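Worksheet for the structure shown next.
The values are calculated or read from the model by the stated rules, or taken from the named source; none is laboratory data. Note that the structure is a prediction, hence the values are computed from the model and not measured. When we count neighbours, we look across all protein chains shown, and the Cβ atoms used for this are built from the backbone with ideal geometry, even at glycine.
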């Protein structure tokens, strides 16, 4: 039995209570549209899990916005597919390794990752573009050290989301052009990850890494991470979709709209090589400076 089957404990009545869609309506949807697809126990009883709850709520939201039901179902299912296709729970690093195996992972120290992150952040701070920016910091104190930089970055971005072990606030509103915090539980895969993802029309870029276990006692700047980074449009879009979906699942303000926008087709124009060169030059300069300072 798969993990999803063992975690499917909701009856159709439970699902109706959680989503506001009656059990009778859910059965009609299944009959007419093949959705939602239940897990079936040996007794034949339908059972559902948290993924069903999230997707049905998304269908309801889209339908209430005027989208035809069959289209709303198709869009909601497609919007979640980037994480549903990958093994395990949502993870930027796992998603990129799953869909883009050609991205060669490198073992980098935290010091080097900081240099890469600063180079990416400063390149985007120097340009104004309607990009979606995501950052995964693992711990609240790590974000607090970078907060002034990210406040500045958010002023020029279309949206900015930051992930860490923040204390949940239940806030459903945020000030425009400010970072939206997403509180992750300690067991969530992204709580172990480092990420800077900027999905912009001119220069898309994604840096993601996971901390290698068993580093107790290692000096902070020498902690090792297995890392990948890319400026490929489709890879960056994969990474940004995972971030947006996680933000939406935790109720972050505006994440529904960002998720919908990132479901749109990718731009067809090539990435600006001059901007890639500028970014690469920043990476070299920051890395060299950090190496000389260590």
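Which number in (1) more than 23 Å from residue 107 (Cα to Cα); (2) surrounded by fewer than 21 Cβ atoms within 10 Å (Cβ to Cβ); (3) out of contact with any strand residue (DSSP E or B) (no Cβ under 9 Å at 6 or more places or on another chain) marks the one condition that residue 168 misses?
The one condition residue 168 does not meet is (3).
Yes or no: region 187-205 includes at least one residue that is surrounded by fewer than 19 Cβ atoms within 10 Å (Cβ to Cβ), in the same structural domain as residue 266 (by TED's automatic domain parsing) and over 30 Å from residue 232 (Cβ atoms).
yes
Condition check: at negative phi, at pLDDT 85 or above and in a helix (DSSP H, G or I). Does residue 57 satisfy that?
yes
Within region 281-292, can one find any residue that is more than 18 Å from residue 195 (Cα to Cα), at pLDDT 85 or above and part of a helix (DSSP H, G or I)?
No - not one qualifying residue is present in region 281-292.
Would you confirm whether or not region 96-111 contains a residue that is in the same structural domain as residue 28 (by TED's automatic domain parsing), modelled with pLDDT of 85 or more, assigned to a helix (DSSP H, G or I) and buried (at least 20 other Cβ atoms within 10 Å of the Cβ)?
No, the conditions are met nowhere in region 96-111.
Which numbered condition trips up residue 119, out of (1) farther than 20 Å from residue 230 by Cβ; (2) surrounded by 22 or more Cβ atoms within 10 Å (Cβ to Cβ)?
All conditions pass for residue 119, except number (1).
Considering only residues that are touching a strand residue (DSSP E or B) at 6+ places or on another chain (Cβ under 7 Å) and part of a loop (DSSP other than H, G, I, E, B), look in region 1-10 and name the one that is modelled with the highest pLDDT.
9
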